[in-house]
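Trainee: One structure is given below, represented as structure tokens, and several questions about it will come after.
Bear in mind that the values in this text are calculations on the coordinates, not laboratory data. Since we're looking at a predicted model, the values are computed, not measured. Positions of Cβ are backbone-derived with ideal geometry, glycine not excepted, and every protein chain shown enters the neighbour counts.
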Amino acid sequence: MWCSLMIPTFLFLSFFSVGLAPNPGSATNENDNYPPFWDQINGDIAEFPVQNNKIIVDLWKYMDRLKIYKILITESNKYFALFGENTRGNVLWALTLFYGKLFKTDRFSAPLNSSMCAYEAGGSSCISIDSGWGGFNHYVIILNFLGAIESEFLGNLPYEVELISREEYRSNFCYSIEECRASYPQAMDTANRFYKYLQSRKMVSTIKDIPQYDTDEDTAIRYMWELHQAAIDIAKPKLSDESLYSSKTERDFSLDFLLAMEFCEAALYRPYFESSAEFLVGFPHRLLTDQDRDILISNLSVREKALLNAVKLISETNKITGGLFLTTWKMAMNSEFARAAGRFLIKRLLSIPSL
């Protein structure tokens, strides 16, 4: 029954979105897609300071998390050469571009003082520990980073890594391999699986002096998305309080968006540079207020309104069905044909022209 309702629902979402009133300003150029200050770092662990024979990393600084994303991109690029030219086929671009989007849209700022840790503050800006989005991203980046270290994906580091902790909400977060593994062993195993899989790949050829590895596309994407979802599953019960967001509308959007991502993950949505940038065109360019609850009259672009409507309707449909909508979607994505169809529907939903 639910399988028969699922495809019509997604088709309805895509056609419904097209009818929204156009609003200029949603188009971006290629350079805008990179996270802010991306070209100011080189993706080397040596960029972090060393104190008392320890590499010091502060995950509540925007630039420190950004350095980790670039290190992971740099170290893993060789495994994805077959998936796209000029490193554009790296499956970690989705997480990296989304991180930059959260910063640029001030979603790392403090809810009660939006100027604190805001984008305009510059590259050394903090990530507010009071930001729900910042908390979600904390688990995404820390599981990837610690998983890469524990699996020795980053090789033999010259020093032990020390992550600076915060006293605020201390029980909400973990800051070391030992601490995260003690609290979330399955999530750490998921992180290790992804990075150990990459390490197990063999070079099979060289094209224009670029080594080509036998990385299976679907396997790499599945492991990456499963790691992302493991992080979200840890964070969601800790970071759903309305006080961690600028408004109830923003809080509801964050949870709806993350739920919609589960549909994308089940379809193995391609997390490459171009496809990720296209997906994020509709991500709201500013924090939402409670006046934005009436999406049709808010001053957002047509693509932003489409995404807001889509994730809200997906969430409401899933809620009405008691979670069966997502469960059945995941069951339906059991073949490459079904996943390709699922990706087509998702792209259709996101393919409204920027007017």
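Trainee: Check the straight Cα-Cα distances from Lys196 and name the lysines below 17 Å, setting aside those fewer than 8 residues away within the same chain.
Mentor: Lys78
Trainee: In deg cm²/dmol, rounded to 500, what helix-only [θ] at 222 nm does the chain give when every DSSP H run of at least 4 residues adds -39500 (n - 2.57) and the total is split over its residues?
Mentor: Rounded to the nearest 500, the figure is -16000 deg cm²/dmol.
Trainee: Still on this structure: With the cut-off at 1.5 for a/c, could you classify the range 171-275 from its C-alpha gyration tensor as rounded, prolate or oblate?
Mentor: The shape class here is oblate.
Trainee: Still on this structure: Sort Phe98, Phe108 so that the residue with the fewest other Cβ atoms within 10 Å of its own Cβ comes first and the one with the most comes last.
Mentor: Phe98, Phe108
Trainee: Report the residue, chosen from Tyr184, Tyr159, Tyr195, that carries the largest GNM mean-square fluctuation when the chain is represented by alpha-carbon nodes joined by springs under 10 Å.
Mentor: It is Tyr159.
Trainee: A further question follows. Quick one: what are the phi-derived ³J(HN,Hα) couplings along the range 190-203, Karplus 6.51/-1.76/1.60 with θ = phi - 60°, whole Hz, x for glycine and proline?
Mentor: Per-residue couplings from phi come out as 5, 5, 4, 4, 4, 6, 5, 4, 4, 4, 7, 6, 10, 6 Hz.
Trainee: Loop only by DSSP, 11 or fewer other Cβ within 10 Å of the Cβ. Give me the GluC sites (Glu not before Pro) in the range 143-190 that pass, ordered by residue number.
Mentor: Within the range 143-190, the qualifying GluC sites (Glu not before Pro) (loop, at most 11 other Cβ atoms within 10 Å) are Glu167, Glu168.
Trainee: Classify the range 36-246: rounded, prolate or oblate, from the alpha-carbon gyration tensor (a ≥ b ≥ c, eigenvalue square roots; a/c under 1.5 rounded; otherwise prolate if a/b is larger than b/c)?
Mentor: Here the range 36-246 falls in the prolate category.
Trainee: Now a separate question. Taking DSSP loops as anything outside H, G, I, E and B, show the longest stretch in the chain free of trypsin sites (Lys or Arg not before Pro) there with at most 14 other beta carbons within 10 Å.
Mentor: Longest site-free region, per DSSP loop and neighbour criteria: 1-165.
Trainee: Need one number: % antiparallel among DSSP beta bridges in the range 36-246, to the nearest 5.
Mentor: Percentage antiparallel, nearest 5: 65.
Trainee: Please list the non-local residues whose amide H lies under 5 Å from the amide H of Val161, H modeled 1.01 Å from N, same-chain partners needing a gap of 5 or more.
Mentor: Residues meeting the amide H criterion: Ile55.
Trainee: Next up: Given axes a ≥ b ≥ c from the Cα gyration tensor, I'd like to know whether the range 214-355 is rounded (a/c under 1.5), prolate (a/b larger than b/c) or oblate.
Mentor: prolate
Trainee: Take the alpha-carbon centre of the range 47-116, take the same for the range 303-323, and report the distance between them in whole Å.
Mentor: Cα centroid of the range 47-116 versus Cα centroid of the range 303-323: 28 Å apart.
Trainee: Stokes-Einstein D for the range 76-178 at 25 °C, 0.890 mPa s, Kirkwood Rh over Cα pairs, in µm²/s?
Mentor: Diffusion coefficient, whole number: 157 µm²/s.
Trainee: Same structure, new question: Antiparallel as a % of all DSSP beta bridges within the chain, to the nearest 5?
Mentor: 65 percent
Trainee: Whole-Hz Karplus ³J(HN,Hα) for the range 337-347, in order, using 6.51 cos²θ - 1.76 cosθ + 1.60 and θ = phi - 60°, x for Gly and Pro?
Mentor: After applying 6.51 cos²θ - 1.76 cosθ + 1.60, I find 4, 5, 5, 4, 5, x, 5, 4, 5, 5, 5 Hz.
Trainee: Contour minus end-to-end for Thr219 and Asp32, with contour as 0.36 nm per residue of separation and end-to-end as the Cα-Cα distance?
Mentor: Fully extending the segment from Thr219 to Asp32 adds 64.3 nm.
Trainee: Amide H neighbours of Lys61 under 5 Å, at least 5 residues apart or on other chains, H built in the peptide plane: list them.
Mentor: Amide H neighbours of Lys61, under 5 Å, 5+ apart: Ile127.
Trainee: Would you mind checking the pairs Lys54/Lys202; Lys61/Lys236; Lys67/Lys305; Lys54/Lys101; Lys101/Lys319 and listing those with alpha carbons more than 25 angstrom apart?
Mentor: The pairs that break the limit, which is 25 Å between Cα atoms, are Lys54/Lys202; Lys67/Lys305; Lys54/Lys101; Lys101/Lys319.
Trainee: Read phi for every residue in the range 105-111 and hand back ³J(HN,Hα) as whole Hz from Karplus 6.51 cos²θ - 1.76 cosθ + 1.60, θ = phi - 60°, with x for Gly and Pro.
Mentor: 9, 6, 7, 9, 7, 6, x
Trainee: Can you tell me which of Ser276, Ser76, Ser171 moves the most in a GNM of the chain? Springs connect C-alpha atoms under 10 Å apart.
Mentor: Ser171
Trainee: Next question. Pick from Ser254, Ser240, Ser183: which residue has the top mean-square fluctuation in a GNM of the chain where Cα pairs under 10 Å get a spring?
Mentor: Looking only at Ser254, Ser240, Ser183, the largest GNM fluctuation is found for Ser183.
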